[in-house]
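The values are calculated or read from the model by the stated rules, or taken from the named source; none is laboratory data. These numbers come from a predicted model, not from an experiment. Glycine gets a Cβ as well: all are built from the backbone with ideal geometry, and neighbour counts include every protein chain shown.
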Amino acid sequence: MRIGIPSETKTLEGRVALVPAAAGDLVNRGHEVWVQQGAGLKSGFADDAYTRLGVKIAPDAAALYEKGQLIVKVKEPIEGDLALLRPDHLLFCYLHLAPLPELTRRLLDIGLTGVAFETVELDNGDLPLLAPMSVIAGKIAVQVGTHYLHQPLGGKGKLLGGLPSTERGKVVVFGAGVAGGASAALAAAGGSNVVVFEKRADRMDQMMRLGNNVTALYPYDEVVAREVASADLIIGAVLVTGAVAPHVVTREMMKSMENGSVLVDISIDQGGCFESSRATTWKEPTYVEEGLTHFCVTNMPGAVPQTSSQAICAAILPWVNKLASGQWRDNQALVRGINVEGGKLVHPALQGMKL
């Protein structure tokens, strides 16, 4: 199969879907692999790192999409990509269609088959292609939250970990899955008092094992409101596979918080889990509402493309191999990952979308 790896076009997105070694492995399996010129540069991979492994270089996006049958990228296609996609393309990338009706309509009009990383689902419910980027986003959430608490950036001027004679900062995390767990672990390791809201007992137990400065609680409305009121940093990491994220923090709750506190919404790819959330980019990552700094960047791992590209590539390569073989429809995890095909919405979480 001819596999195309285009440059990412989202604002300040530095990742590349397949690093040279992985692309070389696909060549060794008999596939024809094309990479758009310069696609790997921001991740630290020059074109010659690909060509010496037998990968071909397409001079521009038009040539890349023309050559490719299976298009493997990181983020959802935007305007320039959409103009080049065809009905016969098999698209494999993050799509996050639930909060994006316009993109969904465009993909339906094109008629291609779109398999989304975030909805490739194992029999036990695990989402193997969401996990590596979720870990990175969880860590970044704590890093940027710490940064925006600095007073020169509009924060309340509080050091999260504290020190003798001062209070520790308080971090509240919603969701103890892969992303939320990574946030909680990093915040706890830095010395913060951490409260994690989670419904699953096994995950609550995992969070409690992070240290004596971590408390795991069930998200009763009254308890959530109480803990949010005294939070310095709130991190939202709530996920319903393929669907719009539920709002777990309301504007009314935010009014009880101290000005200069920070909210980081990892769930923004699925519409956001704070009532005041709206998508931002790395170019303009924050805004202030209710006196609180909001960070709602939809491609958080794109800020660390060397790490992110290596991590996502290791996760997706076995699945790319299956798709490229042409015999993938008997693989239920990939079939569950189909979002759109032949002009129809396929994934159950999307079938009620208003388009």
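Would it be correct to say that VAL244 is buried (at least 24 other Cβ atoms within 10 Å of the Cβ) and closer than 30 Å to GLY337 by Cα? The answer is no for VAL244.
Considering only residues that are surrounded by 22 or more Cβ atoms within 10 Å (Cβ to Cβ) and at pLDDT 95 or above, which ones fall in region 217-239? First the steps, then the outcome.
At the first step, the residues of region 217-239 found to be surrounded by 22 or more Cβ atoms within 10 Å (Cβ to Cβ) are 228, 231-239.
VAL228, ALA231, ASP232, LEU233, ILE234, ILE235, GLY236, ALA237, VAL238, listed by residue number.
Based on this model, can you work out whether GLY242 counts as assigned by TED's automatic domain parsing to the domain that holds ALA179 and at pLDDT 95 or above? Here the answer is no, as GLY242 does not meet what is asked.
Restricting to region 339-350, count the residues that are out of contact with any Ser or Thr (no Cβ under 8 Å at 6 or more places or on another chain) and more than 16 Å from ASP109 (Cα to Cα).
First, pick out the residues of region 339-350 that are out of contact with any Ser or Thr (no Cβ under 8 Å at 6 or more places or on another chain): 343-344, 346, 348.
Next, only the ones that are more than 16 Å from ASP109 (Cα to Cα) stay: 348.
Qualifying residue count, region 339-350: 1.
Within the set VAL288, VAL223, the sole residue that is out of contact with any Gly (no Cβ under 8 Å at 6 or more places or on another chain) and among the hydrophobic types (A, V, I, L, M, F, W, C) turns out to be VAL223. For region 144-198, the set of residues classified as within 23 Å of VAL223 (Cα to Cα), in contact (Cβ under 8 Å) with a residue 60 or more places away in the chain and of a type in the set (Lys, Arg) consists of LYS170 only. I want to confirm something. Restricting to region 3-50 and keeping residues that are crowded, with 24+ Cβ neighbours inside 10 Å and charged (D, E, K, R), which single residue is farthest from GLN69 (Cα to Cα)? Checked region 3-50; the qualifying residue farthest from GLN69 (Cα to Cα) is ARG15. Of all residues in region 2-36, those satisfying the criterion of being hydrophobic (A, V, I, L, M, F, W, C) and closer than 22 Å to LEU82 by Cβ are ILE3, ILE5, LEU12, VAL16, ALA17, LEU18, TRP34, VAL35. Of the strands (runs of 3 or more DSSP E) lying entirely inside region 150-224, those containing at least 3 residues that are within 27 Å of the chain's Cα centre (by Cα) and over 28 Å from VAL288 (Cβ atoms) span 214-217.
Restricting region 61-83 to residues that are out of contact with any Ser or Thr (no Cβ under 9 Å at 6 or more places or on another chain) and surrounded by fewer than 20 Cβ atoms within 10 Å (Cβ to Cβ) leaves a set whose member that is nearest to VAL244 (Cα to Cα) is LEU82. Could you count how many residues in region 297-350 are closer than 28 Å to TRP282 by Cα and hydrophobic (A, V, I, L, M, F, W, C)? Going through region 297-350 one residue at a time, the tally reaches 12.
Among the residues of region 249-293, count how many are at pLDDT 95 or above and surrounded by 21 or more Cβ atoms within 10 Å (Cβ to Cβ). Selection size over region 249-293: 18.
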